[in-house]
Amino acid sequence: MDARLNLHTNPVFGKIFKHFNAVGTVIADSPLPAATQELVKIRASQINGCGFCLDMHTKDAAAAGESATRLHLVAVWREATVFTEAERAALELTEQATRTADAAEGVTDEVWANAARHYDEEQLSALVAIIALINAYNRVNVIVRQPAGDYVPGMFG
C-alpha cells in the first residue's frame, strides 16, 4: 500500500509537521506523565483508525517500558484493572474529545470534572493539547492512507 502523498518529502507538510512537532515537544516537556501521553495517543488513534499512529505510539510506549498487557488493553480500558484512576480519567476525556461529533455536548462536565480531580491546570492544558494534536496527526494519516508497520522507535527524532 502506498500513501496518497509522501508526507516525509512534501515541502508543505514538512513545514506543517515542524510546527506540529514543536507543539509535541511542549507537551512532552510538560508535567503530564509520559505514560499517560502515550495512552492518550494510542486510544485516540484506535478510535480514529490510524494504523500509522498506532504502530508508532505502541512501539514508542513499549520502548519506554510500557507493559504489553497495558498496551493490549487500552481499547478496553473500562474493563481492565491495569490503569490508574488518573489514566482512566484521561482515557475517558480522550474518547469524548475525539468523538465530539457523536454527542451534541462534546465533553461532559462530569468527564471534565473527573479529569480535573486527577490533573492540575498545567497537566490539563497538556492533556487537552495532546488530544487535539494526536487527532490532527490521525486525520492527516487517515486521509493520505499512510501505511503502518515499518515504524522504528526514534526514527523521526
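Bear in mind these aren't lab numbers, they're just calculated from the coordinates by the rules spelled out. Small disclaimer: the values here were computed from a predicted structure and weren't measured. Heads up, the Cβs are rebuilt from the backbone with ideal geometry, glycines too, and the neighbour counts pull from every protein chain shown.
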What lysines does LYS59 reach when the alpha-carbon gap must be under 17 Å and sequence neighbours fewer than 8 apart in one chain are set aside?
LYS41
Would you kindly derive the ³J(HN,Hα) couplings of region 5-20 from the backbone phi angles with the Karplus curve 6.51 cos²θ - 1.76 cosθ + 1.60 (θ = phi - 60°), listing them in order in whole Hz, with x for Gly and Pro?
9, 8, 5, 7, 10, 6, x, 5, 5, x, 5, 4, 5, 4, 6, 4
Just to check I understand the Karplus step: with θ = phi - 60° and J = 6.51 cos²θ - 1.76 cosθ + 1.60, what whole-Hz values come out for region 37-53, glycine and proline as x?
4, 5, 4, 4, 4, 5, 5, 4, 5, 5, 4, 7, x, 9, x, 4, 5
Size of the chain along its principal axes in angstrom, Cα-based, largest extent first?
43, 33, 30
Take the Cβ-Cβ distance between ILE143 and THR84 as r, set R0 to 35 Å, and report the resulting FRET efficiency rounded to the nearest 0.05.
0.55
Here, ALA129 and THR108, labelled 7 Å along Cα→Cβ, have an inter-label distance in nm of 2.9 nm
